[in-house]
Amino acid sequence: MWEHEQLVVRTGRRSGMTTMVALHSTEAGPAVGGCRMKTYARITDAITDVLRLSKAMTLKCAVAGIPHGGAKSVIVVDRELTPELRRAVLLDHADLINEFGGAYQAGPDVGTGPDDMLVLRELTPHAYCLPEEHGGTGSSSGPTARGVLAALKAASRHVFGTDDLTGRKVVISGFGSVGELIAKGLGGADITVSDVDESRRTGEFGWVHPDEAYQVKADVLIPAAVGGVLSPETVRHLDVRLIVGPANNQLTDDGVAGLLEERGIVWVPDHVASAGGVIYTLAREDDGADHETALKRVDGIEATVERMLRARG
């Protein structure tokens, strides 16, 4: 059962494309969450996605101690996106964001980036992560990856007795900007990556087809692509000891967490491990913190995970 304050779905007057915002909670403050732009098989799939993602943002902000609630928005791509159409639907989305009067503040997500936030800013002030040359913090990939690595340090000490992963087998599912930064931050680990985009395959790391990424025997699995990857069926085939990653909504349903525990697999919830981007962005753009201070706040994810796992026993 969804417990959201609002779900608004619109057909853009410029683009004719569907755009939506799910506002989960503003109890702690204005809701923040990324704008996702992608293709869905059905509109109902997009609605399910935006509802789950917005709830996860509320949890992410709460665990990180950020005075904001959670929201998310989705632009449904239903045809080829020309530059003109992309601009048109972003302006339509800015109109929708303005309907919330500041209760929803957007940032980049899958399919969008700082340049898209700059287009939103033409019509709404409620957008974060503009390009740095326009006064924003730019891409949040770096802080997001740093937060995952901080979470991984605490979790590795809990599972392996050390945060040194030298020689340990690590599988990263999703080798986009965040996944690549995580891989490069893992030092001497034995890293295998996968991605639906074969062009991202390099000789620097091992490679496995995405369909096989969750069946590889490894010490650590890092989900770094789309959500909904940990299902009861997937969990039955896992041969790992630890799961930590930035992908949002990794579980197909909450019951999967219990299945992971039954199998003795330690899972750091994605709303904890993936919080580095929002922590950094809000520290810089809301609180006026400098770069180093904001990064120290991101590094605090390590202590959060340590407390969480200690309480878990």
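None of the figures in this text is laboratory data; all of them are computed from the coordinates on show. Bear in mind the structure is a predicted one, so any value in this text is a computation, not a measurement. Methodologically, a virtual Cβ is constructed for each residue, glycine included, from the backbone with ideal geometry; neighbour enumeration extends over all protein chains shown.
Calculate, in whole percent, how much of the Cα-Cα pair population of the chain lies beyond 27 Å.
41 percent
Would you work out which of LEU123, GLY107, GLY12 lies farthest towards the positive end of the dipole of region 6-134, given +1 charges on the beta-carbon of Lys and Arg and -1 on that of Asp and Glu, about the Cα centre?
About the Cα centre, the residue reaching furthest to the positive side is GLY12.
Quick one: of LYS55/LYS184; LYS55/LYS217; LYS60/LYS153; LYS184/LYS296; LYS184/LYS217; LYS60/LYS217, which pairs are farther than 27 Å apart, Cα to Cα?
LYS55/LYS184; LYS55/LYS217; LYS60/LYS217
What list of ³J(HN,Hα) values in whole Hz, one per residue of region 30-42 in order, does the Karplus curve 6.51 cos²θ - 1.76 cosθ + 1.60 (θ = phi - 60°) give from phi, with Gly and Pro shown as x?
Computed from phi, the couplings for region 30-42 are x, 7, 10, x, x, 9, 9, 10, 7, 8, 10, 5, 9 Hz.
Could you tell me the calculated FRET efficiency between ARG79 and HIS291, based on Cβ-Cβ distance and R0 = 51 angstrom, to the nearest 0.05? Each step should come with its number before you reach the end.
Working: r = 40 Å, r/R0 = 0.78.
The value I calculate is 0.80.
Rounded, prolate or oblate, given the Cα gyration tensor of region 226-275, with a/c below 1.5 counting as rounded?
Prolate, because a/c is 1.5 or more and a/b exceeds b/c.
Given labels modelled 7 Å from the Cα in the Cβ direction, how far is it in nm from GLN6 to ARG236?
4.4 nm
Using only Cα atoms, locate the centre of region 13-57 and the centre of region 183-243, then give the distance between them in Å, rounded to an integer.
27 Å
Check THR137: other-chain or 5+ apart residues with amide H under 5 Å from its amide H, H built from backbone geometry?
Placed amide hydrogens put CYS129, LEU130 under 5 Å from THR137.
Mean Kyte-Doolittle of at least -0.5 plus a Cα span of 24 Å or more along the axis: flag which DSSP H helices in the chain meet both, please.
Passing helices, by number: 43-64, 141-160.
Using +1 at the C-beta of Lys and Arg and -1 at the C-beta of Asp and Glu, which of THR82, VAL256, HIS24 has the Cα lying farthest in the positive direction of the dipole of the chain?
VAL256
Counting other Cβ atoms within 10 Å of each Cβ, which trypsin sites (Lys or Arg not before Pro) in region 6-43 have at most 16 and sit in a DSSP loop?
ARG13, ARG14, ARG42
Counting only residues 5 or more places away or on other chains, whose amide H sits under 5 Å from the amide H of ARG36 once H atoms are built in the peptide plane?
When sequence neighbours closer than 5 places are left aside, the close amide H contacts are SER73, VAL74, ILE75.
Set the Förster distance to 35 Å, then compute FRET efficiency between ASP115 and GLN215 from the Cβ-Cβ distance, nearest 0.05.
Result of the calculation: an efficiency of 0.40.
Sort region 67-165 into rounded, prolate or oblate with this rule: let a ≥ b ≥ c be the square roots of the eigenvalues of the Cα gyration tensor; rounded if a/c is under 1.5, and if a/c is not under 1.5, prolate when a/b is larger than b/c, oblate otherwise.
prolate
How much length, in nm to one decimal, is gained on full extension between TRP207 and ASP299, taken as 0.36 nm per residue of separation minus their Cα-Cα distance?
Here the segment from TRP207 to ASP299 would lengthen by 30.2 nm.
Taking the Cα centre of region 6-134 as origin, sum charge times position over the Cβ atoms of Lys and Arg (+1) and Asp and Glu (-1), and report the length of that vector in debye to the nearest 20.
Value, rounded to 20: 380 debye.
Please name which of PRO210, GLY176, ILE265 has its Cα lying farthest along the dipole of region 163-313 towards the positive end, using unit charges on Cβ (Lys, Arg +1; Asp, Glu -1) and the Cα centre as origin.
Of the listed residues, the answer is ILE265.
Please work out whether region 159-282 counts as rounded, prolate or oblate from its C-alpha gyration tensor, where a ≥ b ≥ c are the square roots of the eigenvalues and a/c under 1.5 means rounded, while otherwise a/b larger than b/c means prolate and anything else oblate? Each step should come with its number before you reach the end.
Numbers: a/c = 1.27, a/b = 1.17, b/c = 1.09.
It comes out rounded by the Cα gyration axes.
Note the full-extension length gain between ASP190 and ASP254 as 0.36 nm times their separation in residues minus their Cα-Cα distance, in nm to one decimal.
20.0 nm
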